[in-house]
Amino acid sequence: FRTETLALDPDGLFETPARFTDAALDFRLRLDPFTVDIGQIALMEGDSHFVGQGRVAAGADGWRVAMDMGLNRIAPDRLLALWPVAFARGTRAWLTENLQSVDIYDVQAALRAEAADPPRLSVSYKFRDGVVRYMPQLPPVEEASGYASVLNDAYTMVLEGGHVTAPSGGQLDMSGTLLQIPDVTAKPSRANFALRGQGPIPAALSLLDLPPFELMQKAGRSTEEATGTALVEAALSFDIVKVIRPDDLDYSVRGTLTDVRSDTLVEGHVLTADRLTLRADPGGIEIGGPARVGQASVDATWIKRFGDEGRDRSRVEGTVDLSQAFLDEFGIALPRDSVRGSAAGQFDIDLVKGEPPLVRMISDLNRATLNVAALGWTKPAATTGRLEVEATLGASPVVTRLDLDAPGLSAAGTVTLRGDGQLDEARFARVQAGGWLMAPIILCSVL
């Protein structure tokens, strides 16, 4: 069978009739039992070539169909025109709206029907040079390439290439991004995205500051506070409906920030880090890892909760190396050789808008040598003790509580520093040194 034109419109199955400029069919028909062996179907429209083969048979228990089909390339509008209008309307509408200017090629399809069992359809295709929009509020993926499939009512799309241009102007490589609709027949269907973007930190943060995330706005931070490279993975899930509200979205974000540098995160100091981790969900955001603040080494996490719980407040928690480098970096002017080596200290900082930061720290002083020459006291590095500090930071820092307990010396008091870090006044309600001193002490600056 061969014809120069062929139009298929079986009872309104397609949105528009499927028209082909050339069609050929090679088949064998057997009446008992009824069987049609299709050696080849060949349909052509321009540079699109459709081929297929298979068998249709009728038995005592019902029809059996096995068909395999292939198409070298097709325009998106033609592919969607051939999508049965009654099949997965929501998914079809989503693809119509979000799959733009794309070259679809290497289309493969298979249909299997066994007697009374539901028919099984699988379709796969590749695409390139396209524009894929995954959320109305987010910029589309440009120069998109990859592959997609429908199998057992599940639709899957994988991006092998493509990028988005963030509001900051930088680009993020979106290779590895995945879309899955587990059941295209559900009403409504559920869309699950695994977004993967890699590029400059400001570009990644500016993308995460768009709806539905708005992470930096909620955190009260700028998207330009750090330089470096970000690898961000975001899981996003929502029902495919006409209007998607923020409360309808489930999401979580995981990211790795490398070669990080910032001169604004810690006022007056340069923060650098080889690698930091980022985590976020509708409840809040966390960024942390080993870093250096100038000369000082820290391992800290900044935590911000969203909603009423975290309104106008956040906190930092972690560990810090107490050393001469730490004292020098933060302008804490103790006599030289007061501290040699370093001791680990655990700390947390409460950050409340409009209030000076509140710091709490505790250390066992292990591995640090401490020296108070005026009292003739030294703590060797191999011994431990206990240091607890509470302080408010600001133009004039105040140590509201300082408790020291170490072999041969214990003290409790408060310390006030001037803005340049020099001692203003230290009041110790109790100082005990060895067996010869037990008294309150007040130390004042001579300037």
Check your understanding: Taking the simple approach of a point 7 Å from Cα along Cα-to-Cβ for both residue 97 and residue 44, what is their distance in nm?
Key -> 3.9
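Do you know the Lys pair count in the chain for C-alpha distances under 20 Å, with sequence separation 8 or more or different chains? Before the final figure, lay out each step's value.
Details: 187/242; 218/304; 218/353; 304/353.
Pairs that pass both the separation and distance tests number 4.
Hey, could you get me the Stokes-Einstein D for the range 270-427, Kirkwood radius over alpha-carbon pairs, 37 °C and 0.692 mPa s, rounded to whole µm² s⁻¹?
Values: Rh = 16.9 Å.
It diffuses with D of about 194 µm²/s by this estimate.
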Exercise for review: Using Cα centres only, tell me the gap between the range 320-395 and the range 225-274 in whole Å.
Suggested key: 33
**Study point:** Distant alpha-carbon pairs in the range 352-442 (separation over 15 angstrom), percent
**Key:** 64
Exercise for review: With the Cα gyration tensor of the range 30-157 in hand, give its eigenvalues times 5 under a square root as the equivalent ellipsoid semi-axes, listed largest first in whole angstrom.
Suggested key: 33, 17, 10
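Compute the FRET efficiency between residue 353 and residue 154 as 1/(1 + (r/R0)^6), taking r as their Cβ-Cβ distance and R0 = 56 Å, and round to the nearest 0.05.
That gives a FRET efficiency of 0.75.
Counting heavy atoms of the protein chains only and a 1.4 Å probe, report the per residue accessible area for the range 93-167 as a whole number of Å².
Working: 3460 Å² over 75 residues.
I get 46 Å² per residue for the range 93-167.
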Study note, to complete from the structure: If one builds a Gaussian network model of the chain from Cα atoms under 10 Å apart, the most fluctuating residue listed among 189, 396, 168 is 396
Review point. By what distance, in whole Å, do the Cα atoms of the chain stretch along each of the three principal axes, largest value first?
Key: 117, 43, 35
Review point. Counting Lys +1, Arg +1, Asp -1, Glu -1, what net charge surrounds residue 235 among other residues with beta carbon under 11 Å of its beta carbon?
Key: -1
Revision key, fill the gap. Within the set 242, 126, 218, GNM on the chain using Cα springs under 10 Å gives the largest fluctuation to 242
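Ranking request for peptides 283-290, 113-120: highest mean number of other beta-carbon atoms within 10 Å first, then the rest in descending order.
So the order, starting with the most tightly packed, is 283-290, 113-120.
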Practice item. With springs connecting C-alpha atoms under 10 Å apart, model the chain as a Gaussian network and identify which of 74, 303, 244 has the largest mean-square fluctuation. Key: 244
Practice item. Might you work out the accessible area of residue 292 for me, using a 1.4 Å probe with all protein chains in place, and round it to the nearest 10 Å²? Key: 100
Check your understanding: Expressed as a whole percentage, what fraction of the accessible surface of the chain belongs to carbon and sulfur atoms when a 1.4 Å probe is rolled over the protein heavy atoms?
Key -> 54
Point to revise | Pairwise label distance in nanometres, residue 319 with residue 338, each label 7 Å out on the Cα-Cβ vector | key: 2.4
Revision key, fill the gap. Residue 386 and residue 105 label points (each 7 Å along its Cα→Cβ direction) are spaced in nm at 7.3
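The values are calculated or read from the model by the stated rules, or taken from the named source; none is laboratory data. Predicted, not measured: the structure shown is a model, and the values here were computed from it. Glycine gets a Cβ as well: all are built from the backbone with ideal geometry, and neighbour counts include every protein chain shown. Just so you know, the surface numbers come from the protein's heavy atoms only, side chains and all, with ligands and any DNA or RNA stripped out. Shrake-Rupley method; radii C 1.70, N 1.55, O 1.52, S 1.80 Å.
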